[in-house]
1. Counting only residues that are in a strand (DSSP E or B) and among the acidic types (Asp, Glu), how many does segment 175-190 have?
2. So which residues in segment 196-239 are assigned to a strand (DSSP E or B) and within 23 Å of Pro293 (Cβ to Cβ)?
3. Which ones in segment 83-124 are of a type in the set (A, V, I, L, M) and over 22 Å from Leu65 (Cβ atoms)?
4. Could you please find all residues in segment 67-80 being open to solvent by less than 20 Å² (accessible area, probe 1.4 Å) and without any contact (Cβ under 8 Å) to a residue 40 or more places away in the chain?
5. If you take the residues in segment 242-280 that are free of Cβ contacts under 8 Å to residues at least 12 places away in the same chain and under 30 Å from Cys180 (Cα atoms), which one is nearest to the chain's Cα centre (by Cα)?
6. Testing Pro118 on (1) closer than 26 Å to Cys163 by Cα; (2) modelled with pLDDT of 95 or more, one condition comes back false. Which one is that?
7. Take Phe84 and tell me if it is under 30 Å from Val126 (Cα atoms), in contact with an Asp or Glu (Cβ under 7 Å, 6 or more places away or on another chain), open to solvent by less than 10 Å² (accessible area, probe 1.4 Å) and at pLDDT 95 or above.
8. Given (1) closer than 24 Å to Asn34 by Cα; (2) in a helix (DSSP H, G or I), where does Ser242 come up short, assuming only one miss?
Amino acid sequence: MSKFWSPIVSRLTPYTPGEQPKLSRLIKLNTNENPYGPSPLALAAIAAEAGDSLRLYPDPEAELLKRALAEQNAAHGITSAHVFVGNGSDEVLAHAFQALLQHEEPILFPDISYSFYPTYCGLYEVAHRTVPLAADFSLRVDDYLGVAAGGIIFPNPNAPTGCLLPLAEVERLVAGQPDCVVIVDEAYVDFGGDSAIPLVTRYPNLLVVQTLSKSRSLAGLRVGFAIGHPDLITALERVKNSFNSYPLDRMAIAGATAAIKDQAHFDKTRRAVMASREHMVAGLAALGFEVLPSAANFVFARHPRHDAAKLAASLRGDGIIVRHFSSARITQFLRITVGTDEACQALLDALQLHLQALPADF
């Protein structure tokens, strides 16, 4: 702590990202990165921008990318006026907290959810209330209806559980809270869920946020976007242009635009991840794990007789990194990213050995 800090700094609890260890021969299953590379068309587009044009500022509107996203969703009535883009979905969410969620009533989000939400509430001084998930970690829409709220935000599929709220239930929530913004954070929706984007033109209070980091394999490029009513998009643009009017660089715009247009690569890689996930779930179940139903590129699992932290430490000794959370309700769960079939099998083989060697904890 320093006397030069602004008062708010000491009150903040910063977000803790997944570890990025610098180990050789590592099987990295802790940060939900896609095990398959980006679209070759995206890589070519990025390379084409790495030239003399980098001396020029990028298009402040990122119009090429907005147009590509609008065209992808044109069947749902989406135009460029419905689209906002930013440096990863985290920046999009940050602007949304400022632009749409600072009201007198507290915002609502699940008690087990993306841990950046309370961080943003602290940074932007947004009052919030967490709503407990059910015992099976599902989100109960009725818990969000009939209560005053400054806004509602939740991931779908949820993070870190991977559980999916069906689209009909998402619509029931949005329709049931017409006087506040509902933000559906769809970072993982491409791995087994139905996006709420088709609902946007029917509900002016709905904002859908997605990222190219997961299903488009562009985590290193940092591109996210939101789709919502033009009034919501205008609010996001006003905040963005009061903070940083050139948020996406030339290579990000080019690479993201090409990735959006390469539907074949997108379909191929996401199907591969989903198939590997089912293999991993079956393998974990055979080892005695309880695995929550996942519509994401990760699974959330616990073993009834072995401590999750000890299992994570044992796996780390084998060069396999998974994520363990210390929050009370989920302290016995491991979040395991779906890797290649080879990486998933290495995980299962290592777990089998450790379960045989370690004494039971419960």
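The values are calculated or read from the model by the stated rules, or taken from the named source; none is laboratory data. What you are looking at is a predicted structure, and each value in this text was computed from that prediction instead of being measured. We place every Cβ from the backbone using ideal geometry, glycine too, and count neighbours over all the protein chains shown. Just the protein is used for accessible areas: all its heavy atoms, side chains included, with ligands, DNA and RNA removed. Shrake-Rupley method; radii C 1.70, N 1.55, O 1.52, S 1.80 Å.
1. Counting residues in segment 175-190 that are in a strand (DSSP E or B) and among the acidic types (Asp, Glu) gives 1.
2. Selection gives Val208, Val209, Gln210, Thr211.
3. Result: Leu101, Ile107, Leu108, Ile112, Leu123.
4. Result: Ala70, single match.
5. Asn244
6. It fails just one condition, (2).
7. Taking the combined requirement at face value, the residue satisfies it.
8. Ser242 satisfies every listed condition except (1).
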